[in-house]
Amino acid sequence: MVVAETNKPHVAVLSSPGMGHIIPLLELAKCLVIDHGIHVSFLNITTEASTAQIQLLHSPTLPLGLDVIDIPAVDISALVSDDTPIVARLSVNVEESLKPLKSILIELGKPQALLIDLFCTQAFDVCKELSIPSYTFFTPSTSFLAFCLYLPTLDREVECEFIDLPEPVQVPGCSPVRTEDLLDQVRNRKIDEYKWFLFHISRLPMSDGILLNSWEDFEPTSHEAIRKHLFYKQIPTPPVFPAGPLIKHDNPELDDECLAWLDKQPLNSVLFVALGSGGTLSAAQLTELAWGLELSQQRFLLVARKPTDASASATFFNVGEDINVNDPKAYLPDGFLKRTKEVGLVVPTWAPQVSVLQHPSTGAFLSHCGWNSTLESMTHGVPMIAWPLYAEQRMNATMLVEEVGVAVKPVGIPGKGVVDREEIERLVRLVLEGEEGNVMRRQARELKVSAVKALEFGGSSHQSLSSVIKEWKIENEISV
Ligand code: UDP
């Protein structure tokens, strides 16, 4: 194990498994090392090997001063089954993996702070024992944080299932959440998935502070509510530090195919279709999507995954694994690849999403609205077709369509019934060709500018992150 350099403040960052968590936590770690002169130990909870995850965490481009420490893998096969949903599975894995956390932190020389991801709240107890300040890096949206802070109250006050409530959930100071948008984890209060979710959420106030991957101008109402509304003051809510948008930067040298193809396409002409690390479609839905793309006659870049009717998040823990055996010809409609070869590119499993969004030929993004994908799209000024599938993505999608005005949603709910080819054709044309698409693009570009401002020296996110880092620096001076 690498021991911290004594002249620099040393913090540890702990992520739960899954690319949607590891990517933002790693970005935060890089930002602390590169922009703020901190030494970071990144504690990685290892799971079934995911190719994309291994490449990310063991990339030669990680900066000096960022040490990735793999916590030894645990065997949880006796504790979960193939049907165990994401959060329950994650939480069991984290609980077992964190058994040596105390000795790891001691061996690291007791860092000035531990920054954890939402599903690692068991670490709070260890930190308390060792007197190490602990912070949560909340990777989803600020409006979702407000919902989460309200959930324990809702749980006490409501007896029925939340999805049976006659009215939307009134999150204090924020937009109401329609019951059909509620995340999967709170749709059945009797199962472990809900209990684990509530367990972690209820422990959020134990943090010494909550860092957010968002910025004030993107979600002004929720930021204001959490800071000023009496409800959050009474919890009491720990200090909140918007630090985003922190997004990853791909190494374009690792990919020739997508970027070389994009280089040959006209400006703003391509629809990028990717459903995050876990997103998978049913066979019937994938067929309709392919037909919709073809009928639209627009250009597209499709990240294709083998369809499954079992789960909309089927590749969450192992994305990239099937890269050598995934053959889109086997599951896309007969002749699709041939008929669309002049306008489309299909890549199996994984694409360099950020480089694609950054490319001037990319005109719109059909996305599952995971929070990282949302931030990546906004920071590159790209409007979206919102195709939420699991977790809190339906809430994100509604916010992007109804509050921010940068996305359109299909009629019908993706994942519940099939969205047909005509509807997909309509949306693709609308976002790439229509005036509505241009309006959304202008709005997304304004957000891009505001994101840059938030992150630059003296910007709202830069200032807020600097203020929490100051606390660790002072702590370091005391202990050196
Ligand atoms: N991603 C990527 N290539 C792909 C699919 C996803 O690089 O083909 C990255 C994407 O850029 C984002 C992350 O994987 O950073 C997905 O995170 P998000 O929060 O959007 O969704 P999740 O995977 O957690 O559902």
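The values are calculated or read from the model by the stated rules, or taken from the named source; none is laboratory data. Note that this is a predicted model, so its numbers are computed, not measured. Note that we place each Cβ from the backbone using ideal geometry, even for glycine, and neighbour counts take in every protein chain shown. Accessible surface is based on the protein model in full, side chains and every heavy atom, while ligands, DNA and RNA are left aside. Shrake-Rupley method; radii C 1.70, N 1.55, O 1.52, S 1.80 Å.
Filtered by the rule that a residue be in contact with a Leu (Cβ under 8 Å, 6 or more places away or on another chain) and more than 21 Å from Lys8 (Cβ to Cβ), region 102-115 gives a lone residue, Lys102. Just a yes or no: is a residue in region 266-282 open to solvent by less than 60 Å² (accessible area, probe 1.4 Å), more than 16 Å from the ligand (Cβ to nearest atom) and within 27 Å of Tyr390 (Cα to Cα)? Yes, because at least one residue in region 266-282 is open to solvent by less than 60 Å² (accessible area, probe 1.4 Å), more than 16 Å from the ligand (Cβ to nearest atom) and within 27 Å of Tyr390 (Cα to Cα).
Listed by position, the helices (runs of 4 or more DSSP H) enclosed by region 8-108 that each have at least 1 residues that are within 16 Å of the ligand (Cβ to nearest atom) and within 23 Å of the chain's Cα centre (by Cα) are 19-36, 51-57, 86-97.
Every residue, every condition in (1) touching a helix residue (DSSP H, G or I) at 6+ places or on another chain (Cβ under 7 Å); (2) hydrophobic (A, V, I, L, M, F, W, C), yes or no:
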{"residue": "Val11", "(1), (2)": "yes, yes"}
{"residue": "Thr47", "(1), (2)": "yes, no"}
{"residue": "Ala52", "(1), (2)": "yes, yes"}
{"residue": "Leu64", "(1), (2)": "no, yes"}
{"residue": "Ile104", "(1), (2)": "no, yes"}
{"residue": "Lys110", "(1), (2)": "yes, no"}
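So which helices (runs of 4 or more DSSP H) are wholly in region 417-480 and hold at least 2 residues that are over 17 Å from Arg299 (Cα atoms) and open to solvent by 70 Å² or more (accessible area, probe 1.4 Å)? Correct list: 435-455, 460-479. Filter region 109-148 down to residues that are away from the ligand (no atom under 16 Å from the Cβ) and hydroxyl-bearing (Ser, Thr, Tyr) and give me whichever is most open to solvent (accessible area, probe 1.4 Å). Taking the candidates together, the pick is Ser131.
When Pro166 is tested against the conditions (1) modelled with pLDDT of 95 or more; (2) crowded, with 17+ Cβ neighbours inside 10 Å, the lone failure is (2). So, of the residues in region 396-407 that are surrounded by fewer than 24 Cβ atoms within 10 Å (Cβ to Cβ) and closer than 14 Å to Glu180 by Cβ, which turns out to be farthest from the ligand (Cβ to nearest atom)? Among them, the one singled out is Glu402. Scanning region 210-224 for residues that are surrounded by fewer than 22 Cβ atoms within 10 Å (Cβ to Cβ) and out of contact with any strand residue (DSSP E or B) (no Cβ under 8 Å at 6 or more places or on another chain) yields Asp217, Pro220, Thr221, Glu224. Within region 122-139, the only residue that satisfies the criterion of being among the β-branched types (Val, Ile, Thr) and farther than 23 Å from Cys31 by Cα is Val126. Taking residues in region 348-359 that are within 8 Å of the ligand (Cβ to nearest atom), and partners anywhere that are open to solvent by 10 Å² or more (accessible area, probe 1.4 Å) and among the polar types (S, T, N, Q), the pairs with Cβ atoms closer than 6 Å and at least 6 places apart or on different chains are Thr349/Asn326.
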